[in-house]
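Notes for the one structure printed next.
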Amino acid sequence: MYYRPQEKRRSPLLTFILSTLMLAMMAVLAFLIGIYVGYFNVHVTTLAERYAPTPTPTRSALLYIADGDTYFVEGKLDNAIEAYNEAIRIDP
């Protein structure tokens with residue numbers, strides 16, 4: 001008769017922990033692939049966006065043109081010219 005040593009088997013707890021860990025890693029990988037592909041609508045801010053200076057509130061050229069038109073209708077030609085020049089300076 002041949003004597004064969006008994007094979008070592010993993011404990012059921014270790015098997016459960018390893019399979020749960022593998023499943024969690026697959027779920028995280030699927031989520032990250034979904035973000036990369038665009039399936040989930042998640043906006044990731046970059047370092048440049050996070051530390052970008054906040055824009056200062058400035059009037060647009062269209063507002064200066066509207067002011068110039070109003071001054072022109074009222075007959076204030078000097079103010080209208082100043083408003084038009086400011087609009088040109090902002091958006092040539």
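Okay, here's what the table says:
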read-out	value
Residue within region 20-39 that is at negative phi and in contact with a helix residue (DSSP H, G or I) (Cβ under 9 Å, 6 or more places away or on another chain) present	yes
Within region 28-47, tally of residues that are among the aliphatic types (A, V, I, L, M) and under 13 Å from the mean Cα position of the chain (by Cα)	4
Selected residue (criterion: farthest from LEU32 (Cα to Cα)) from residues of region 54-64 that are among the hydroxyl-bearing types (Ser, Thr, Tyr) and modelled with pLDDT of 80 or more	TYR64
Members of region 41-91 found to be touching a helix residue (DSSP H, G or I) at 6+ places or on another chain (Cβ under 9 Å), in a loop (DSSP other than H, G, I, E, B) and either more than 30 Å from PHE31 (Cα to Cα) or acidic (Asp, Glu) (or both), listed by number	THR58, ARG59, SER60, LYS76, ASP91
Options TYR51, TYR71, TYR84: the member that is touching a Leu at 6+ places or on another chain (Cβ under 8 Å) and either among the hydrophobic types (A, V, I, L, M, F, W, C) or modelled with pLDDT of 80 or more (or both)	TYR71
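The values are calculated or read from the model by the stated rules, or taken from the named source; none is laboratory data. Note that the coordinates shown come from a computational prediction; the quantities given were computed from them, not determined experimentally. All Cβ positions, even for glycine, are placed from backbone atoms using ideal geometry, and neighbour counts span all protein chains on display.
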